[in-house]
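This report refers to the structure that appears directly beneath it.
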Amino acid sequence: MGGTASTHKLIRDDGKRYDGRAPDELRPITIQAGVLKRADGSAFVKWGDNQVLAAVYGPREVHPRHLQNPARAIVQARYNMASFSVSERKRPGPDRRSQEISKIISEAFEAVVFVEQYPRTTVDVFIEVLQADAGTRCAGLTAASVALADAGVPMRDLIPACASGKVENTVVCDLNKEEDNCGEADLPMAIIPRTGEFLLLQMDGHFTYDELMQAMEYNFKALNYIYQLQKEALRKKYATVQLEEPFVLPKREEPPAVESGADVARESPAMPPDAPQPGEAPPEMDRESQGGA
Amino acid sequence: MEQDAIGDLKRDYINRLLAEKKRMDGRGPDDVREISVETNVVTSAAGSARVRWGETDVLVGVMVEQGTPFPDTPDRGVLVTNAELIPMASPFFESGPPRPESIELARVVDRGIREAKTIDLASLCVTPKEKVYICYVDMHVLDFGGNLFDPCSLGAMMALNTAHVPASKFGLGEDFKLKIDHYPISCTTVKVRDGLLVDPGLDEERVAEARLTVTTDENGDVRAMQKGLSGKLTFDEVKTIIQSSQRVGRELRAKLGLGA
C-alpha cells in the first residue's frame, strides 16, 4: 500500500466512505461485449473511473514457435496501461508491474479455457487500461473474460475479479484510487463463480486474519454480482444483433413461429449449463444505479 | 507443469506418498526443510545473507546508494528489490533479460518486506525532496532446489538486518546500522493433485497445480499474498494455507531468534 496520508477523511463520521459508498458497496460498473471489429472478441468495462478495453485473438498460431505446447494451447495475456491513463505520464511499454500482472492473468485464464482442445496454439488476450482509478487488474480480467466468451473460446466459466481492502481500519469493498493509495490493505481476487475456487489471489498491506476473511467475504459477494453483469453483457450483445437483423422467413402458408430470444442464451458461448436465464435478477448488491442492465 | 512421462511418474509418486502423509525427502506434508542462515558473507555489500533452505541456496546482497526520492514520497528512502535467476543455478535458467518468473519473485519478496514495514523508509531520508538513501536488495539464486520465494524473502530480511548505511562514504556523517522494525516470514504452499505441500522441493514444484505464498508478521497478521500457477484453490485450502503460514512464521522466527 502507498501509505501516503490522505488529504481527506476516507471514512466519514456516518460510516460511509468519502465518495459516499457504504463499506460493502461497489462502484458503478458497465460492461459492453463486442466493441471492436478486428478482434475475434472484445469487451469494454467502465468501473468507477476505470476504463478498460480487452481484445482476444485466437486460438491462433504461436510465434515464436518454441513457445508452442504440443499438448495444449497457451494463453498469453498482455496487461498494458496507456501513458495517459494516470495523472503522471506513465512511460509506455511493459514495466515490472505490468509483466507480473500479465503473468498472473494468463495463469488465471489457463485454468478456465479448454486449452487441451487447441494444441500448438495461443489465445492472445490484450488488456488496455485507458483510464486508471485503482482495481485495473480486476477490471481488466473482468473485461478479458467477457472478450474471451465473445470470441467464442470454450471456457469452463466466466471469471469475475474484484479487489477489497482496508482503509482507516475499516474493511471496504472495491477500493478506488484514493483508498488504494492511502489505505492499509488491498486484496485482488478472481474466482470461478460456479465452484467458488480461487484463480487469482494477491494481497498487500496489513490484515488480521479476521479482517482478511471479511475482505474475502466482500469480494465473494461482489464477484457474484459482477458475474451477473458479465453474462448480461454477453446476452445483450447477441440480443442486439437479432434486433438489427431480424430473421424473416420466406412467405409460406404456415410459417413456423420463431421465438426471438430463444436463441440468445444458446448463442452465448462459455455459458455454464446451469446459468440463470436472462432476466433473472442479480443478487442484492445494494446499488441500483449500477449499469449493465 | 511437466508434461512428459517422467513428470507423470513423479506426479503419481508424490501423490502416492502424500496419501501416507509422506514426501520424497522424508518430510511430512506440513514440514519446512532444514534452514541455515549466514550473515555478512560479502564484505563489499552493505549487508548480506546466505540462505541454505533444503537444496536451495540463495545469496542476498544489500547495497545502499544516495539518490533522489520519488516525487510522491519526498521524505522517504527508496527500496529496490531485484532477483537474478542466473544460469548456474539450474538447467532451466537462461541468461538474458529478466523473465516473468524472476520479476514475480522479486515483486513478491518486495511486497512482503515493504508491507510489513520491515525498514522505516523515513529513516533513509537525508534532505526531503532532494536526497535520500536508496536501498538495493539483490537476490542471487545460486542453486535452485525448489521454492525460491521463501529463501529469498528470508535472505532479503536477514541481509537488511545486518546492513549498515555507509553515510561517511557520501560525506553525510557517521555510518549507521539499518533499523529493522518487523520480521516478516514468507511461506509458500503448493497444491498437487491430492493435497497441499508446504515448502515444495524441486520435483514437487514441477508437478504443482497451484501455489500460494503468504507473508505473515510477528502478530500472525497477513502482510502479503500471491497465488501462482494456473490451478485452482478452494476457500478451505486458502484458509488452511494461511494458517500453516502463520505457524511456519512463528516457528522460524523462534528458531532464528527474531522479534522475540
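Side notes on the structure shown:
Residues are listed down the side, and each one gets a yes or a no for (1) surrounded by fewer than 20 Cβ atoms within 10 Å (Cβ to Cβ); (2) polar (S, T, N, Q); (3) within 10 Å of another protein chain (Cβ to nearest Cβ):
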| site | (1), (2), (3) |
| --- | --- |
| A:M155 | no, no, no |
| A:K166 | no, no, no |
| A:T170 | yes, yes, no |
| A:E211 | no, no, yes |
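- Comparison of B:D175, B:D217, B:D181, B:D221 shows that the only residue that is within 14 Å of chain A (Cβ to nearest Cβ) and without any contact (Cβ under 8 Å) to a residue 12 or more places away in the chain is B:D221.
- Some residue of the stretch B:201-212 being small (G, A, S), within 14 Å of chain A (Cβ to nearest Cβ) and under 19 Å from B:N15 (Cβ atoms): yes
- Hits in the stretch B:224-248 (condition: away from every other protein chain (no Cβ under 11 Å) and either surrounded by 22 or more Cβ atoms within 10 Å (Cβ to Cβ) or outside any helix (DSSP H, G or I) (or both)): B:V248
- Restricting the stretch B:74-84 to residues that are closer than 19 Å to B:D57 by Cα and surrounded by fewer than 21 Cβ atoms within 10 Å (Cβ to Cβ), the residue that is nearest to the other protein chains (Cβ to nearest Cβ) is B:N82.
- Residues within the stretch A:1-34 that are more than 24 Å from B:V222 (Cβ to Cβ), within 15 Å of the chain's Cα centre (by Cα) and assigned to a loop (DSSP other than H, G, I, E, B), tallied: 3
- Cβ pairs under 8 Å, 6+ apart, first in the stretch B:96-116 and within 10 Å of chain A (Cβ to nearest Cβ) and closer than 20 Å to A:E184 by Cβ, second of a type outside the set (V, I, T) and assigned to a helix (DSSP H, G or I): B:R107/A:R96; B:R107/A:R97; B:R107/A:E100; B:V108/B:F149; B:V108/B:S153; B:G112/B:S153
- B:I119 more than 27 Å from B:V222 (Cβ to Cβ) and either more than 12 Å from chain A (Cβ to nearest Cβ) or out of contact with any strand residue (DSSP E or B) (no Cβ under 8 Å at 6 or more places or on another chain) (or both): no
- The set of residues in the stretch A:184-207 being in a loop (DSSP other than H, G, I, E, B) and at the interface with another protein chain (Cβ under 7 Å from one of its Cβ atoms) consists of A:G196 alone.
- Residues that are of a type in the set (G, A, S), within 23 Å of A:M203 (Cβ to Cβ) and either outside any helix (DSSP H, G or I) or touching a residue at least 24 places away in the same chain (Cβ under 8 Å) (or both), drawn from the stretch A:83-116: A:S102, A:S106, A:A108, A:A111
- Where strands (runs of 3 or more DSSP E) fall wholly inside the stretch B:99-201, the ranges with 1 or more residues that are surrounded by 21 or more Cβ atoms within 10 Å (Cβ to Cβ), among the aliphatic types (A, V, I, L, M) and within 11 Å of the chain's Cα centre (by Cα) are B:131-143, B:185-192.
Since every read-out is calculated from the coordinates, none of them should be taken as a lab result. Predicted model, so just to flag it, every value in this text is computed and none were measured. Neighbour counts run over all protein chains shown; Cβ positions are idealised from the backbone, glycine included.
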